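The block underneath contains the structure these notes are about, expressed in C-alpha cells.
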Amino acid sequence: MGVELIIGGALLASKAYEVTEQRKAADAADRAATENLALQERTATTNQAFQERKYAAEKQVADVSNIRAMRQSIRQARIQAATITNSAANAGGMGSSGLAGVTSSVGAQSAGNINFMMQNAQTNAAISADMIATGRAVGADTIATGYAIGDLNAYQRQSQLNAQVGSMVGSMAGTVFGAVGGPAALAKGIDTIFTKKTA
C-alpha cells in the first residue's frame, strides 16, 4: 500500500510539473501574441499615415494641374476673343450684334470649362477624404480583429490547461482509488453503509 502512494505522489508531481511548464509556455505565447498585435497596430498606423501623406501629395499635384488647366483655358478664351474682335474690326463689323454674340459665346464656354474643372477638383478632394476615412476604418477594424483573435487564442490555451489539470486530478484520484483497494474496497464500503448491523 505504501508503494502505491509513493508512485501516485510521483505521478502527481510529474503532472503538476508538466502543467506548470505548459502554463509558462502559454504565458510566453500570450506575451508574444500581444507584442505581435502591438507591432501590427504600429504598422497599420504607419501605413495609414503614409497613405494620408500620399493622398495629400496627389491632391496637391492635381490641384496644381487643375489651376494650370484653368489658366490655360482663360488664356485661350482671351486669345480667341481678341482674334474674333480683331477680325471684326478688320471687316468693319465692330459694335455688331454678331461680334457681341460670338464674344459672349467664347466667354460662356470658358466659364463652363472653368466650372467643370472646379467640380473635378472638388470631386477629387472628396475622393481623397473618403479614401483616408476608409483607410482609417479598415486599419481600426484590422487591429480590433487581431485583438479578438488573440483573446480567442488565449482562451483556447487556458481551456487546454484546465483540461490537463482536470486530467491530472482524475489520474491522481485513480491512483488513490487503486491504492486503497479499488473496486473491492468500494464494494465493501457500500456494503458497510447499506447493510444493517444486528445487535
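The values are calculated or read from the model by the stated rules, or taken from the named source; none is laboratory data. From a predicted model like this one, the values you see are computed outputs, not experimental measurements. Ideal geometry is used to build each Cβ from the backbone, glycine not excepted, and the neighbour counts take in all protein chains shown.
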Single residue of Ala62, Ala10, Ala16 found to be at pLDDT below 80, loosely packed, with under 12 Cβ neighbours inside 10 Å, out of contact with any Leu (no Cβ under 8 Å at 6 or more places or on another chain) and in a helix (DSSP H, G or I): Ala10
Verdict on Met94 being more than 30 Å from Asp30 (Cα to Cα) and exposed (fewer than 12 other Cβ atoms within 10 Å of the Cβ): yes
All positions within region 111-126 that are over 15 Å from Ser65 (Cβ atoms) and modelled with pLDDT under 80: Ala126
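Taking the options Gly139, Gly95, Gly135, name whichever one is outside any helix (DSSP H, G or I) and not basic (Lys, Arg).
Gly95
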Check on Ala38, at pLDDT 75 or above, small (Gly, Ala, Ser), more than 23 Å from Ser159 (Cβ to Cβ) and under 34 Å from the mean Cα position of the chain (by Cα): yes
Residue match in region 87-108 (condition: within 57 Å of the chain's Cα centre (by Cα) and touching a residue at least 12 places away in the same chain (Cβ under 8 Å)): yes
Residue ID - modelled with the highest pLDDT, chosen from residues in region 65-89 that are surrounded by 13 or more Cβ atoms within 10 Å (Cβ to Cβ), more than 20 Å from Ala121 (Cα to Cα) and not small (Gly, Ala, Ser): Gln76
